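First the structure, in the form of structure tokens, and then the observations on it.
The values are calculated or read from the model by the stated rules, or taken from the named source; none is laboratory data. Because the structure is a prediction, the values reported are computed rather than measured. Ideal geometry is used to build each Cβ from the backbone, glycine not excepted, and the neighbour counts take in all protein chains shown.
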Amino acid sequence: MTRIKDFPDLISVFPLPGALLLPRARLPLHIFEPRYIAMLEDCMKTPHRLIGMVQPRNVPDGSDRWHSIGCAGRLTAFSETEDGRYMITLTGISRFRVRQEVAGFTPYRRAEVEWSDFARDCGAAETDLGFDREEFFPLLERFFTHHALSTDWSSLKEADDEMLINSLSMLCPFEPDEKQALLEAPSLATRRETLVTLMQFALHGGEGEAMQ
């Protein structure tokens, strides 16, 4: 299922702060709340097996709202623990725009969604012709050191443009609104530019000279 016309108009939605899913990337999740176990079990009964990941949005009146753009993932792996919890993997299929939330009898939330703005998500992996790795990796190493993060640097440096940029966007410890900005980036190059800006901002502590 890689054509927009085949995508459903109604999908279940999992609002999870800070959990970013991007097209062609994989997101592991631990499902244990009863409503989301019900969501997962219903998802497995559908032909498309899609779950929409969205970021909750802070609003002044304190109401429980989402950002308007999310990303749908197809359930591609799951295992059940002895106490009834699930370990699952979603593989990103396409971003979507929320039309409206749909009331119903399910304990989890659902939404009518529109896919047409994100047709390129269903194509081949993107490349970033302006990506300067020699400049990028020293910044990334400073960022990882600052946050006491570790990684397999050799594998990271061998990754293709999309896998590298999207994996870092998903895994780096950014705030939910910053994750949303990475999700909404219209191209891989724009996402890389946003990622660089966020890392530089973190290393500057938000202001003044860069932190050593």
Legend entry - the stretch 20-52 - residue that is closer than 28 Å to Arg192 by Cβ and surrounded by fewer than 18 Cβ atoms within 10 Å (Cβ to Cβ) and, of those, nearest to the chain's Cα centre (by Cα): Arg26
Legend entry - Residue satisfying all of: in the stretch 164-193; touching a residue at least 24 places away in the same chain (Cβ under 8 Å) and among the hydroxyl-bearing types (Ser, Thr, Tyr); farthest from Thr89 (Cα to Cα) among these: Ser187
Inset, instruction - State yes or no: is Leu164 within 18 Å of Phe131 (Cβ to Cβ) and modelled with pLDDT under 95? - result: no
Legend entry - Restricting the stretch 62-89 to residues that are farther than 24 Å from Gly104 by Cα and without any contact (Cβ under 8 Å) to a residue 40 or more places away in the chain, the residue that is surrounded by the most Cβ atoms within 10 Å (Cβ to Cβ): Phe78
Inset, instruction - Find the residue count for the stretch 1-30, including only residues that are among the aliphatic types (A, V, I, L, M), modelled with pLDDT of 95 or more and not in a loop (DSSP other than H, G, I, E, B). - result: 5
Inset, instruction - Keeping to the stretch 126-171, report how many residues are within 22 Å of the chain's Cα centre (by Cα), small (Gly, Ala, Ser) and surrounded by fewer than 17 Cβ atoms within 10 Å (Cβ to Cβ). - result: 4
Inset, instruction - Kindly provide the set of residues from the stretch 79-94 that are assigned to a strand (DSSP E or B), in contact with a helix residue (DSSP H, G or I) (Cβ under 8 Å, 6 or more places away or on another chain) and over 14 Å from Phe14 (Cα atoms), ordered by number. - result: Tyr86, Ile93, Ser94
Legend entry - Members of the stretch 126-163 found to be without any contact (Cβ under 8 Å) to a residue 40 or more places away in the chain and assigned to a loop (DSSP other than H, G, I, E, B), listed by number: Asp132, Ala148, Leu149, Ser150, Thr151, Asp152, Ala159, Asp160
Legend entry - Residues of the stretch 111-125 satisfying the condition of being outside any helix (DSSP H, G or I) and either at pLDDT below 95 or in contact with a helix residue (DSSP H, G or I) (Cβ under 9 Å, 6 or more places away or on another chain) (or both): Trp115, Gly123, Ala124, Ala125
Inset, instruction - Can you give me the number of residues within the stretch 31-60 that are out of contact with any helix residue (DSSP H, G or I) (no Cβ under 7 Å at 6 or more places or on another chain) and outside any strand (DSSP E or B)? - result: 20
Inset, instruction - Please go through the stretch 69-98 and pick out each residue that is basic (Lys, Arg) and within 17 Å of Gln55 (Cβ to Cβ). - result: Arg95, Arg97
